[in-house]
Amino acid sequence: MSLTERGIVSGVELSISCIDCVQRSTPECGDCLVSFVLGDEPEELTLSPQLAGVAGLLSSQGMIPQLRFQRAHAKG
């Protein structure tokens, strides 16, 4: 397992819930890996370890957008 320069961990399943992201419905959302894969108004993206590794490689080479997910901090 390793972290690519674009922030995607390879060797593990990648599961992103856009509902939990502070970038949702912002300009950054439109330039995110999840929006690139799913289109406008994405909800959730799950990638196998192999596909997460490929996404990390392509993103690190500037071929696809980077993952811009930022989890909203829970209040309390």
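The values are calculated or read from the model by the stated rules, or taken from the named source; none is laboratory data. All figures in this text were calculated on a predicted structure; none of them were measured in a lab. Positions of Cβ are generated from backbone atoms using ideal geometry, with glycine treated the same way; all protein chains shown enter the neighbour counts.
Looking across region 56-65, the residues that are part of a loop (DSSP other than H, G, I, E, B) and surrounded by 12 or more Cβ atoms within 10 Å (Cβ to Cβ) come down to ILE64, PRO65. Take GLY53 and tell me if it is assigned to a helix (DSSP H, G or I), at pLDDT below 90 and not hydrophobic (A, V, I, L, M, F, W, C). Answer is yes for this residue. Summed over region 32-45, residues that are within 10 Å of the chain's Cα centre (by Cα) and surrounded by fewer than 19 Cβ atoms within 10 Å (Cβ to Cβ) total 3.
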